[in-house]
1. Just for the chain, what percent of DSSP beta bridges are antiparallel, to the closest 5?
2. Under the definition of Cα pairs under 8 Å and six or more residues apart, what whole-number percent is the relative contact order of the chain?
3. Just the ratio, please: alpha-carbon radius of gyration of segment 630-697 over 2.2 N^0.38 Å, N its number of residues.
4. Using DSSP, restrict attention to beta bridges with both residues in segment 237-379 and report what percent are antiparallel, rounded to the nearest 5.
5. What's the extension gain from residue 735 to residue 385 if we count 0.36 nm per residue and subtract their Cα-Cα distance?
6. Limiting things to C-alpha atoms, what are the Rg and the maximum Cα-Cα separation (Dmax) for segment 6-126, in angstroms?
7. Round to a whole angstrom and tell me the spacing of the C-alpha centers of segment 38-69 and segment 283-347.
8. State the antiparallel share, in %, of DSSP beta bridges confined to segment 616-744, rounding to the nearest 5.
Ligand code: MOS
């Protein structure tokens, strides 16, 4: 019997991973054959439309359900008076990643756009008309809107379980010794995810079994939530979520109407479909809340930060505790001997905010990078030189070593590509025609969490394989990069791999979020493949008929569907031959992905982002004309897709800096721009010459595969870089995002 523990190095990451491959689901998508939740049309499907509140605070006193139900085609109208009961209150947090939701539990209006009724009809048109006929009447209170209109409260935890404040070192002592004190207050607005695909659900019962088509970033958690709220055995729920048209955090949570649709489908014994309208996604499905952030920097005579404080006030809803954890973005970027961060909430009459691409990090790094730039200029330092002077060699928040940190290389590569060395220090000193030109930079940083994931791998008699994990593809290319890792775990070519995902009856792939999906689900898939090949190797090494017999401690290596002896590369055997001789049709392995124990290193991905802007001195209009970032994120599984993620993040940064904001009418609490005509995001004309470079980084600590993450990194750093370029062009320091033209003239 070969000692399996001594079979070293039999699979390696590298032959499929590391290659640029285009999205394997690309053809399905561009030919319209990829099925999204709202594309499902089960036999006899009914259509649901939510009616939403036109006030932000108060009570619904009347709904004309009789008029709605009399409309031809309308089947039933659900209101708080007749809605089916949930098994547990939607106010209950059934797990750590659940947000309180609204499922018509009462007639209270907590925000404008809150669902107040669900109209179910034979056609979408009838359901829509029915929802209009409800003509709600209200008992309205004055809404509490925004940072200055709401009720302050102290959060006990920040979003998911983190303490709301941190203090390291002695701030007051450090401040006394410092030469200069800087204070910057930065405001960021409410932003909405605006995924291209609206939130949707199709629900269908067969007896006590429920099938759900809905886009979700965490299918396993979604199943748990549906099961708990509906009181259904989780084994009787099947969720399909193969493709998402973008999620960005808003599809990591359930919203109440999803539960209602499932309940109504049972009540009416018909399948029901609901797809939110664009304007209905402003409220019930999360958003990035407005913040006001105060940065305090104390710097000594040599330009070293002695003390750093970051205090965030963020809007929250009146009925849940999500807080944008912006101050945490200052924990680990710059070296300091004393650090203090806090968060406070303002309860307003708004839908509950939630995670939105780089939640906390995007907002917090925008403020931090502006504050750093401000101090650098006041002290006469080039902004890059000042950042290098304050380069954190260890993590200021924990004192731990970084698992890896190639930020210096990122700065150097991006600065070189940008031509930063030619930058004059003085603002307003560069022109292009009549336009003011400015150059700015920012540091990108994002943590490297890992969640829990599981996967199965099955090797078939012909040497091909199938892997299974519940992962969804949000458009980022998970179907491709995860398959690359899985193929490497099995030591086969990716063309020999069938990748099954997007369903809740597969092993749980964890959350596609936190930039941790490739690392987490990828590790599970790799381990499942490696487990399979370990079993295969054991068969061969114990079989005198195998050329691998006796390799034992030297071990074997798997590649291209064959096992090779490490002590003699000319002796190898194909997987199918090993299986055939053992009389096996299938060989199955399992794998998990998670971080074991408490981390002993600080784990972050990093980058340096450099921006050039052109500002019209008369109109205040800002155009980003060049944007170059260099990023270090551990092992890059697929350079093509990683670049696309980083560019996407940087483009999001352009929107954050210059365009995105949801504007409330403070009198009614309603949005004035709840659509893509009024809520501006960058289009092609707003995206300049843009490049994302990646810097080589080996990380032996972050996880066994050395994978960090790239989904959210690009937006951090970019917002500050653009704001700092605007300052350099104009001499006006932006203090509010998005930067409005009128603030520059
Ligand atoms: Mo995200 S905000 O990690 O989906």
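1. Bridges in the chain are about 75 percent antiparallel.
2. Rounded, it is 18 percent for the chain.
3. Compared with the compact-globule rule of thumb, segment 630-697 sits at 1.51.
4. 45
5. Computed gain between residue 735 and residue 385 is 123.7 nm.
6. Rg, Dmax (Cα atoms, Å): 23.1, 75.
7. 39
8. 25
Values in this text are rule-based calculations from the coordinates and carry no lab data. These numbers were taken from a predicted model, which means no experiment stands behind them. With ideal geometry, Cβ positions are generated from the backbone for all residues, glycine too; neighbour counts draw on all protein chains shown.
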